[in-house]
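In what follows, a single structure is set out as structure tokens and then discussed.
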Amino acid sequence: PTVSAMEVVEAQDVDFNDVGGLDEQIQELIESVELPLLKPDSFARIGISPPKGVLLYGEPGTGKTLLAKAVAHRTQATFVRVVGSELIQKYIGDGAKLVRDLFDMARKKSPSILFIDELDAIASRRLNDTNGADREVQRTLMQLLAEMDGFDSRGEIRIIAATNRLDVLDPAILRPGRFDRVVYVPMPDEEARANILKIHSRYMNLGEDVDFKKLARMTETASGADLNAIAMEAGMLAVRFDKESIGMQDFLESTRKVMSKLESKQEELP
Ligand code: ATP
């Protein structure tokens, strides 16, 4: 593909085992994305149309992209990812065309899953209609709505979108036949945090003293992405000191480092 705002991946290597917590969210995606692609006949037999699109919302780094990739892996679908803000910045004047190309490609390479990250960048409620840049965003959104209305929900394309800001979205995007499933992706609780740390260190050589439960208690405000950073940083520390394996001491140090960065970020907020 020549369009560089899209990232097309034929097969994903992430699966649901790579996702910590989020069991309900995984179940939602199985019902609304996986089953329609793998067993369209079941829907036809019962006489219901599967949803065309699912909207995932929640804080940054909680696993929305990971979930979308994992469901693409399970269905062997082509995974096409676009980022809303890039669509707008890189293709000024051409956002609508890019959306068209995107759906053309999804059709050609079906079964496919179209993942739109940062949906809010193209689907916010219009603040100021007279502004040229806003009008351009509006055109891009219109095209997206038209494409979604135009395809058959029984076909082999599913759309997953993600946003951190459900509250700013244009309600038009949530109408039936568009994103008619909205799934909240929460920050990980203590059990999920321990799981996520385990997932991200499962190929690492760990000392026997590593206590994931304790680390989970120390990382209350950490997202999945932060926990990934903690595991990687612990590994780096062990390498730096030329150790045989990663010990609890390394994890404690990396946890302190990542958590103190998070706290200073919190303080910068207004
Ligand atoms: P954003 O809103 O910033 O796009 P996101 O919700 O899409 O974030 P991801 O890109 O899926 O977040 O997460 C970033 C990385 O953090 C993942 O590649 C993964 O390594 C880790 N991660 C996040 N959540 C989880 C989770 N629930 N289980 C395991 N790893 C996770």
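The numbers here are math on the coordinates, done by the rules we state, and not lab data. From a predicted model like this one, the values you see are computed outputs, not experimental measurements. Heads up, the Cβs are rebuilt from the backbone with ideal geometry, glycines too, and the neighbour counts pull from every protein chain shown.
Data overview
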quantity: Members of LYS39/LYS97; LYS64/LYS243; LYS52/LYS97; LYS69/LYS97; LYS243/LYS265 lying beyond 28 Å, as alpha-carbon distances in this model show; calculated: LYS39/LYS97; LYS64/LYS243; LYS243/LYS265
quantity: Local net charge near SER264, Cβ-Cβ under 15 Å (Lys/Arg +1, Asp/Glu -1); calculated: 0
quantity: Largest-first ellipsoid semi-axes for the chain, taking √(5λ) over the Cα gyration tensor eigenvalues, angstrom; calculated: 36, 23, 17
quantity: Where chymotrypsin sites (Phe, Trp or Tyr not before Pro) in DSSP loops with at most 10 other Cβ within 10 Å are excluded, longest remaining stretch of the chain; calculated: 1-202
quantity: Fraction of beta bridges assigned by DSSP in the chain that are antiparallel (%, nearest 5); calculated: 20
quantity: Sites excluded, GluC sites (Glu not before Pro) in DSSP loops with at most 11 other C-beta within 10 Å, longest stretch of the chain; calculated: 11-207
quantity: Summed residue charge, Cβ within 14 Å of ALA216's Cβ, Lys/Arg positive, Asp/Glu negative; calculated: -1
quantity: Scattering profile of region 135-270 at q = 0.18 Å⁻¹ [log10 I(q)/I(0), Debye over alpha-carbon scatterers]; calculated: -0.93
quantity: Residue-count net charge about ASP104 - beta-carbon cut-off 12 Å; Lys, Arg +1, Asp, Glu -1; calculated: +3
quantity: About the Cα centre, charge dipole magnitude for the chain (Lys/Arg +1, Asp/Glu -1 at Cβ), debye; calculated: 720
quantity: Span from the region 42-72 Cα centroid across to the region 220-239 one, whole angstrom; calculated: 28
quantity: Per-residue [θ]222 nm for the chain (sum of -39500 (n - 2.57) over DSSP H runs n ≥ 4, rounded to 500); calculated: -14500 deg cm²/dmol
